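*Asks:* The structure that follows is given in the form of structure tokens.
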Amino acid sequence: GAMSRPSTMRRRFEAGLLSSFGASSFGPTSNKKRGGRNSGGENDVQATVLRLVVAAKKHPVMQRLSPCFTKIRSLHRAVRPWCVRTVDSVAFQSAMFVFTVYALIGDDIRLSSTEAPADLVFNI
């Protein structure tokens, strides 16, 4: 339900933090089991990251911002389908193609085919 989603998102966030530091889980890492060169330091990093995550959740600013994050998530859920439809539409992709080609060769066309007074038109 609605209550399990934030905790799932938090677990994914924490797991992402841990994996960014090279740790694959909350338990001992595979390097420690194999006696790798970073065997002692990775557990220290894991513990530090977990302490930071817990501290961030308890911080007063984060507690005040929590309702804002909920509103942003609901707005994101409402707007995302419209954005996906818009970006995937042929009209949008065609317009982006025309703008890209103009950005790439528009100045060359201006220099080769017009005089200085026409620069204003191209600069708009």
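*Asks:* Within region 98-112, can you find the residues that are open to solvent by less than 80 Å² (accessible area, probe 1.4 Å) and among the polar types (S, T, N, Q)?
*Replies:* Within region 98-112, just T100 meets the criteria.
*Asks:* For region 39-53, which residues satisfy the criterion of being open to solvent by less than 70 Å² (accessible area, probe 1.4 Å) and within 17 Å of F13 (Cα to Cα)?
*Replies:* V45, Q46, A47, T48, V49, L50, V53, listed by residue number.
*Asks:* Here's a follow-up. Being over 26 Å from the mean Cα position of the chain (by Cα), β-branched (V, I, T) and in a helix (DSSP H, G or I) is the requirement here; does V101 meet it?
*Replies:* Against the criterion (over 26 Å from the mean Cα position of the chain (by Cα), β-branched (V, I, T) and in a helix (DSSP H, G or I)), V101 qualifies.
*Asks:* Right, next: Only residues that are among the aliphatic types (A, V, I, L, M) and loosely packed, with under 10 Cβ neighbours inside 10 Å: list them for region 113-124, please. Explain how you work it out, then say what you get.
*Replies:* Filtering region 113-124 for residues among the aliphatic types (A, V, I, L, M) gives 116, 118, 120-121, 124.
Hits for region 113-124 are A116, L120, V121, I124.
*Asks:* To continue, here is another question. Are there any pairs with C-beta distances below 9 angstrom linking a residue in region 44-57 that is touching a residue at least 12 places away in the same chain (Cβ under 8 Å) and part of a helix (DSSP H, G or I) to a residue that is open to solvent by 80 Å² or more (accessible area, probe 1.4 Å) and among the small types (G, A, S), with the two at least 6 apart or on different chains, and if so which?
*Replies:* V49/S20
*Asks:* State all residues of region 67-97 that are over 19 Å from the mean Cα position of the chain (by Cα), surrounded by 10 or more Cβ atoms within 10 Å (Cβ to Cβ) and in a helix (DSSP H, G or I); if no residue qualifies, say none.
*Replies:* Matches in region 67-97: R85, T86, F92, Q93, S94, A95, M96, F97.
*Asks:* Counting just the residues of region 54-86 that are over 22 Å from F13 (Cβ atoms) and not β-branched (V, I, T), which one comes out modelled with the lowest pLDDT?
*Replies:* A78
The values are calculated or read from the model by the stated rules, or taken from the named source; none is laboratory data. Predicted, not measured: the structure shown is a model, and the values here were computed from it. Glycine also receives a Cβ, built like all others from the backbone with ideal geometry; neighbour counts cover every protein chain displayed. Each accessible area value is taken on the protein alone, full model and side chains, heavy atoms only, with ligands, DNA and RNA left out. Shrake-Rupley method; radii C 1.70, N 1.55, O 1.52, S 1.80 Å.
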